[in-house]
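The values are calculated or read from the model by the stated rules, or taken from the named source; none is laboratory data. Quick caveat, the model's predicted, so the values are computed rather than measured. So basically every Cβ, Gly included, is an ideal-geometry build from the backbone, and we count neighbours across all protein chains shown. Quick note on the areas: whole protein, heavy atoms, side chains included, nothing else; ligands and nucleic acids left out. Shrake-Rupley method; radii C 1.70, N 1.55, O 1.52, S 1.80 Å.
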Amino acid sequence: MSSAETMSIFSPALSARFDALVLKYPVKRSALIPMMLYAQDEVGYLSDAVIEEIAQRLDLTMLDVRNVASYYSMLRFKPVGKYNVQVCTNISCMLRGAYDIFEHLEEKLGIGHKGITADGVFSLEEVECIGVCCWAPAIQVNYDFHDDLTNDKVDEVIAAYRAKAGRADAKGESANA
Amino acid sequence: MPDVTFTVDGKKLTAPAGTLLIEACRKAGIEIPAFCYYPGLSLQAACRMCVVRQEKVPKLQTACTTTVAEGQVFTTESPEITQARKATIELLLGNHPLDCPVCDAGGECELQDMTFRYGAGESLYTEAKNHREEQKWSPAVYFDRPRCILCYRCVRMCGEGMDVWALGIANRGSSAIIAPNGGDHLDCEQCGMCIDACPVGALTSDTYRYKTRPWEMNHVSTVCTHCGDGCKVTLGVRQVDDGAEIVRGDNRDKSGINGDFLCAKGRFGFDFVDSKDRLTKPLVRNAAGTLEPVTWEHAIRVVSNKLKEIRDSKTENGGGSSIGVIGSNTGTNEENYLLQKFARTVLGTNNIDHIRTTDYAAFVRAMAGHEHRAASLRDTETAKAILLIGGNPTEEHPLLAWNIRTNFRHNTARLYIATDSPIKLERQARQTLSLPVEGYESLTAFLSGDDSALGEIENAKTFREAVNAEESLLVIFGQEFRGAAIESLVKWGLAKENVKFAYLGDYANSRGAADMGLSPDLLPGYIPVTTPGAFAEEYPNLSTQPGMTAPEMLDAGCRGELAALYIVGSDPVTAYGTDPAALKRAFVVVQDIFLTGTAALADVVLPAASLYEKAGTVTNTFGDIQLVKKAADKAGVKPDFEILVRIAGGMGADVKKLVPFGRGSITVPAVTAPALSVDFVPTPRPIPSLRGIHGDLGQSRGAHSGEADRHAVWLAARGLELRLSPFDPLAALDEIERLVPSYKLDRLNLFAGNDVHSEPGFVPVASLTAPTAAELILPAHDGLFTSGVLGDHTKALVELNSYQESISQPVAEAAAD
Amino acid sequence: MPKLTSHPDEVKIISKRFGMGAANIDRYIELGGYEATRKCLAEGSEWIINEMKASGLRGRGGAGFPTGLKWSFVPKQSAKPKYVLVNGDESEPGTCKDHLIFLHDPHAIIEGTIIAGLAIGAKMGFIYLRGEYRYLIEIMEKAVADAYAKGFLGKNIFGTETEFQAVVQTGAGAYEVGEESALMESLEGKRGVPRIKPPFPAVVGLYGGPTVINNAETIASVPHIITMGGAAYAAVGSERNGGTRLFGISGHVERPGIYELPMGYNLKKMIYEVAGGVRGGRKLKAVVPGGSSTPVLLPEEIETLGMDFDQVGKAGSMLGSGGVVVIDDQTCIVEFALRTISFYQHESCGWCIPCREGTDWLKKSLTRFHAGFGTKKDIDNIQYLAENMMGRTFCPLGDAAAMPTLGFVKKFRKEFEDHLDGKPCPYAKHVEVALV
Ligand SMILES: Cc1cc2nc3c(=O)[nH]c(=O)nc-3n(C[C@H](O)[C@H](O)[C@H](O)COP(=O)(O)O)c2cc1C
Ligand code: SF4
Ligand code: FES
């Protein structure tokens, strides 16, 4: 059994964030969902080790944590690209050409729904409504929104991220977190 | 809650306010269909089958969550409601595989029944079904997601009922799936309760999968042969060439003392019956010194001749007192009774004992003369406060643990636990006290007011205060207590009002063995041999000299002081660590179902029937007596009862004296039990001169005993005789009832398949002797998957045991990815 | 960054600080912020609830329940702590109004939360935002931290004896969590499955305590109502529908966006004047008036339709979340229906049979249908299925899937028939929906 303090796979910053988070609620378990999301932001996905650590910290079983995690569509059990491109194709976006955008991205990135580019920089996902209907069509790359898109604008967005990834590579950061 | 009156389908009904409509209706005979509702578990309102119309409410309401209040008006059947239910079934069937012909649940499937009832036979939709492969979750449990209707019964049964929480729900929407805690496997108590709870064939058991169809089995309700709780188990039995084989164990009708519950041993632990190691032929040691198969005739002749010879021998090493008899913890009461009677009246010896796992003699001595102080297992479901001292119910008394948990959940029962190491039930405890290993007697002293008895134990005083403040208390204690320790504990409790006791012991009929006088100094009903009372008259040649205890017999045998040892369903050589070579000089007869350590050195080995192959009664550790029915049948073996009668016959004993069959002269007490069937209204007067109420309990009828037993109830109620036979254990039951004070039984209830409680308070105080030596008690401490010799020969349990051990190893630290 | 749009017909109450830098607490105070809370601290619970009742404010989350009345259901005495819960899960397709409030006016949410707390006697409030709104969560968290720093939140708010704590919580992607009891489950760290009702949240809610749950826009309206007075606010709207609301117009219009208009504003005018009419001068085919779960309306049904809860209800649909989705004549209704139902299939929590199985079947049927493999009987089956989901599910998500489906099938049966017999879809090219 690993004690959370000695064997933590969270970074010190994440651990600290977690410790502060737990105190906010009348019941510790309320920290579960934010915690999973923040851990995913850091680790890239909910690995068994992440699940185990969260379970231990919140006095839950791993089954409990997995059951909750698998309910929420933003939480995942597998890695994605450094930039996860999420294309909303729900009604408002669909009416304004979301499927064209999606197909354009498929072609451009050479991957389909839930695919990851070979260099691990991009992954692509068709998602449900992301709450920017009035500025459709829109995509969300990680947590950043890009709205009122056309294929050309999409190209610019992708180019910007690719450049960013290149800079990160040069600095020696891992592309896959 | 006050009663309220409401209307359902035009009928006025009354129920306490707040009762769930579905329950109120069920009690009134109005069946509302339900998948997700399960009495006693939390509400889900997920399946939407129980929809009903409530007057003045716009939407259909779910009967499983609607509570009744004064003046409400409901409709539970109407075209609208039928349509709603039909549509729900149609939706389910849309994704449900229609593999009923091969599904284990076919014929016992609630979805099938509902489809039949609501006529959703036509398939509206032509879409491809969502498919998923079947998963094996453990050696016991399989899961077939496509058949699952997501009623969450298994999840709740495992979590709320078992407090194991090994099942959950993963994903959402139509991808939602029941998920086991190990990711792809189950790490749990393997009780199989999830399988019982499943209304369809999504959860199936390894033991039964694809073996047979429910309607091709006979379903025999009998008592589990494994632990001292005595759950009713329904064995599914199929005729085969060499008898009848058990293909399934479950809790089909839930009519037993165990209610909804059954553990892994009760459910899966029956394959010992078909074990390759089963003895099926009598064996006699030949001149070359090896055991050789012989006919029953021959074997019985060898045994009876030899025993007769020894008994009648006038030499120093002869006479009845040079024979020792050891009985069984898993035989029936009738067999044990007959065994001691045989020893005492035919062999003429008080050298009779059994391997004592629990000091029932001391318990009964303490309870003697105090009526209504011995708890039934049923009391554990309702007691407001329970003090558990020692023992580990979750591991060793799974039904008791279930009852305590249920009582806690439903009635917020207050549980106090004092043990020397932590136990799982502490999760339900209000207070716990950690005792030193040797601290049990001191606890009694402390409870009785000796402040210093426990030394410095934190919270001891608050624990005592809370316990003493309880207005009523059920004290349950474990085998840590023996002899004088029991006496002082019981004395402490008896001094208070409303305190009841239960003593936890091993094995299916250890209590019965003690009650039936398998004891060198105590006759049936704990009557001392020194003052035999009525037995003096009943038992010709009864010696009033106490005999040897089991270890004494073995020692004497080794020293050459015993000429013969007759051992029934017991393995004392292994239990007491006796050197087999040393026993060479004694003539040893062993009657058992396996070639145990003792059987291996015997001169004659007689293949016996197991508890699942015979009829009679057994008594659980709480003193609750239940009927055992014959389920399986094995060619070659005989029940101990029959073997004994034959040996006695062979020795020239008057069998009619030994088994008083056909002699019936007892008076059945006034019948006040509830009516058993619609065509029988009990008469509240004694039935005059009842002649022999002997029912054939299926002894000679293969597996169709269920039917015979129904007749037995009916016949018994009318004082009619069914059959006369010296092999009829019920004849012995008659005598037990007559001579054993604590066994004044309510026969109608017993024959109806219910448990009836014995009353140690009826044991006469004056007749009791000094305590037995505490060292004589050898607790077995069998856990969830072990069951003494039986367990070792039960493949399903051995497999579960090693499976659980292998996965409970602390998992190696998983790498970050 | 979402573009702000505006139109002369707008009555800016909730949106009056949009684009003015009010996310900064000092700027917010400069613009009159936190005065409403001070007033409420002085006036007390009963006064607040009366003002709220007088305002005629009805919940902006979808169901339109009168807010003042809802608050008055909370028991005065309670053994367990009471809570205020702000529903910012905003996930109904066609809806993005709360987005703008979080972005431009987070302190209005804090103020509204405190005032709701004062009204019901709660000491703690949770502001729950959908997980996708991470940048808005950061804005909200900063606003809360600033309010703490100023003493507007904490043990003694505004220097009084009154305590009020606020916590911002993130979701993680689940539409069903917008349902009030599922939201509570989620906030308690569980799967977002709704609870059995009764008991209702006002009696047994978050952590078992009495809880008021309101949509973010509802809550953001509160300080304005306090400032204007309930009666003045009510006067802006239509009968039994007080005030204004943020209408989000999306789809095939020239100027999609969020517009604050008085309750009862004519839908046709909203589309043709406020939003600049159907894009590219095309013809209007249909309008979804209040988020994807509301049944579709035909052009002839919107002529005189005032956008308030009662009038839209009378027209056979619902005002819902105020997300107006405009569909032009080049759109395939079958595809639109399929995309709508795919969403509900994806988002069904799976708890109850009619919704879990029903949405799955509807999606499968419509997929096949739109691919040209449908039969006439399928149309009847789709309708039968949807009818049998209505009113039978555990929570309203089942209805939310069935209602629009029924609308499409009934009002556009002809267009469904046009897809029969392997005929290619006359409009759309997108057949498969890849979501899992
Ligand atoms: C499936 C479903 C999803 C919902 N989603 C939301 C939502 O995203 N935001 C919201 O404010 N209300 C949503 N609601 C409505 C809430 O349940 C609740 O009625 C509302 O938050 C109450 O606030 P109000 O009275 O201010 O409208 C949803 C309801 C259902 C049934
Ligand atoms: S209607 Fe049923 S399955 Fe659907 S979201 Fe509600 S509870 Fe879940
Ligand atoms: S039994 Fe009521 S909904 Fe399932």
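Compute the distance from the alpha-carbon center of segment A:7-62 to that of segment B:308-380, in whole Å.
First find each Cα centre; the distance between them is then 62 Å.
For the interface of chains A and C, what total accessible area is buried with a 1.4 Å probe, rounded to the nearest 100 Å²?
Protein heavy atoms only, the A-C interface buries about 4800 Å².
Under a 1.4 Å probe, what is the accessible area of segment B:124-205 per residue, stated in Å²?
Per-residue value: 28 Å².
In chain B, carbon and sulfur make up what percent of the accessible area (probe 1.4 Å)?
53
Restricting to bridges with both residues inside the protein assembly as shown, how much of the DSSP beta-bridge set is antiparallel, in percent to the nearest 5?
The antiparallel fraction comes to roughly 55 percent.
Specify the angular offset, from 0 to 90 degrees and rounded to the nearest 10, of the alpha carbon long axis of helix B:640-650 from the longest principal axis of the alpha carbons in chain B.
Result, in degrees: 20.
What does DSSP give for segment A:83-170 in terms of the percent of beta bridges that are antiparallel, rounded to the nearest 5?
55
Over 30 Å between C-alpha atoms is what I'm after, so list which of B:Lys56/C:Lys70; A:Lys82/C:Lys12; B:Lys12/B:Lys629; A:Lys164/C:Lys142; A:Lys28/C:Lys3 land there.
Result: A:Lys82/C:Lys12; B:Lys12/B:Lys629; A:Lys28/C:Lys3 exceed 30 Å.
Take chain C, mark every one of the trypsin sites (Lys or Arg not before Pro) that falls in a DSSP loop and has at most 16 other Cβ within 10 Å, then report the longest stretch left between them, sites excluded.
Segment C:284-428 is the longest.
Take the Cβ-Cβ distance between C:Glu254 and A:Asp144 as r, set R0 to 30 Å, and report the resulting FRET efficiency rounded to the nearest 0.05.
For R0 = 30 Å, the calculated efficiency reads 0.65.
Helix-derived [θ] at 222 nm for chain B: sum -39500 (n - 2.57) over DSSP H runs of at least 4, divide by residue count, nearest 500?
One gets -7500 deg cm²/dmol as the mean residue ellipticity at 222 nm.
With loop defined by DSSP as not H, G, I, E or B, and exposure as at most 11 other Cβ atoms within 10 Å, which is the longest segment of chain C clear of exposed GluC sites (Glu not before Pro)?
Segment C:1-160 is the longest.
In nm, to one decimal, how far is the A:Lys28 label point from the C:Glu239 one, both placed 7 Å along Cα→Cβ?
5.8
Might you report the magnitude of the Cβ-based charge dipole of segment C:25-236 about its Cα centre, with Lys and Arg at +1 and Asp and Glu at -1, to the nearest 20 debye?
540
Which FRET efficiency value, to the nearest 0.05, do you get for B:Ala484 and B:Leu98 by plugging their Cβ-Cβ distance into 1/(1 + (r/R0)^6) with R0 = 51 Å?
0.15
How large is the charge dipole for segment B:422-488, taken about the Cα centre, if only the Cβ atoms of Lys, Arg (+1) and Asp, Glu (-1) carry charge, to the nearest 20 debye?
In total the dipole reaches around 320 debye.
With just the Cα atoms defining each centre, how far is segment A:84-122 from segment B:91-140? Give it in Å.
38
For chain B, take the longest principal axis of its alpha carbons; what is the angle in degrees between that and the long axis of helix B:795-807, to the nearest 10 within 0 to 90?
That works out to roughly 60 degrees.
Classify segment C:25-236: rounded, prolate or oblate, from the alpha-carbon gyration tensor (a ≥ b ≥ c, eigenvalue square roots; a/c under 1.5 rounded; otherwise prolate if a/b is larger than b/c)?
Rounded, because the longest to shortest axis ratio a/c is under 1.5.
What is the list of residues in segment C:42-62 whose amide nitrogen lies under 18 Å from a point 7 angstrom out from the Cα of C:Lys150, following Cα to Cβ?
Residues passing the 18 Å test: C:42.
Using alpha carbons only, how many degrees (0 to 90, rounded to 10) separate the axis of helix A:151-170 from the longest principal axis of chain A?
Between the helix axis and the principal axis of chain A, the angle is about 50 degrees.
Would segment B:287-353 count as rounded, prolate or oblate if I go by the C-alpha gyration tensor, calling it rounded below 1.5 in a/c and otherwise prolate when a/b exceeds b/c, oblate otherwise?
Judged from the Cα gyration tensor, segment B:287-353 comes out oblate (a/c at least 1.5, b/c at or above a/b).
With labels modelled as points extended 7 Å from the Cα through the Cβ direction, what inter-label distance (nm, one decimal) is found for B:Ala770 paired with B:Glu471?
Placing both labels 7 Å along Cα→Cβ, they lie 4.4 nm apart.
Based solely on its DSSP helices, what 222 nm [θ] is calculated for chain C when runs of n ≥ 4 H residues each add -39,500 (n - 2.57) and the sum is averaged over all residues, nearest 500 deg cm²/dmol?
Computed ellipticity for chain C at 222 nm equals -12000 deg cm²/dmol.
Counting only DSSP beta bridges with both residues in chain B, tell me the antiparallel percent, nearest 5.
Counting DSSP beta bridges with both partners in chain B, the antiparallel share is about 55 percent.
Mean Kyte-Doolittle of at least -1.0 plus a Cα span of 24 Å or more along the axis: flag which DSSP H helices in chain C meet both, please.
Sorted by number, there is nothing, because no helix extends far enough and scores high enough.
Assigning unit charges at the beta carbon (Lys, Arg +1; Asp, Glu -1) and nothing else, what dipole magnitude in debye, to the nearest 20, does segment C:86-187 show about its Cα centre?
The dipole of segment C:86-187 has a size of about 400 debye.
Give the shape of chain B as rounded, prolate or oblate, defined through the alpha-carbon gyration tensor: a ≥ b ≥ c are the square roots of its eigenvalues, a/c under 1.5 means rounded, and otherwise the shape is prolate if a/b is larger than b/c and oblate if not.
Judged from the Cα gyration tensor, chain B comes out prolate (a/c at least 1.5, a/b above b/c).
Could you calculate the contour length gain from B:Lys384 to B:Glu458, that is, 0.36 nm times the residue separation minus the distance between their Cα atoms, to one decimal place in nm?
The span from B:Lys384 to B:Glu458 would gain 24.1 nm if fully extended.
With a Förster radius of 30 Å, plug the Cβ-Cβ distance of B:Thr412 and B:Thr82 into 1/(1 + (r/R0)^6) and report the FRET value to the nearest 0.05.
So the FRET efficiency works out to roughly 0.15.
Take B:Asn541, project a point 7 Å from its Cα along the Cβ direction, then tell me which residues of segment B:308-329 have their backbone nitrogen under 15 Å from it.
Hits in segment B:308-329 for B:Asn541 at 15 Å: B:308-315, B:318-325.
Given a 1.4 Å probe and the protein chains all in place, what does the accessible area of C:Cys352 round to, in Å² to the nearest 10?
Spelled out: C:Cys352, probe radius 1.4 Å, area about 10 Å².
Please compute the length gained on full extension between C:Glu43 and C:Ala79, using 0.36 nm multiplied by the number of residues separating them and subtracting their Cα-Cα distance.
10.5 nm
Determine the order of B:Thr412, B:Thr462 by accessible area, beginning with the largest, at a probe radius of 1.4 Å.
B:Thr412, B:Thr462
Determine the calculated [θ] at 222 nm for chain A from helices alone, applying -39500 (n - 2.57) to every DSSP H run no shorter than 4 residues and normalising by the residue count; nearest 500 deg cm²/dmol.
-14000 deg cm²/dmol
Report the one residue of C:Phe18, B:Tyr566, B:Ile81 whose Cα lies farthest in the direction of the positive end of the charge dipole of the protein assembly as shown (charges on C-beta: Lys and Arg +1, Asp and Glu -1; origin at the Cα centre).
Final value for the positive-end residue is B:Ile81.
Loop-only check: which chymotrypsin sites (Phe, Trp or Tyr not before Pro) in segment A:1-109 are DSSP coil with at most 15 other Cβ within 10 angstrom?
Sites meeting the loop and neighbour criteria: A:Phe77.
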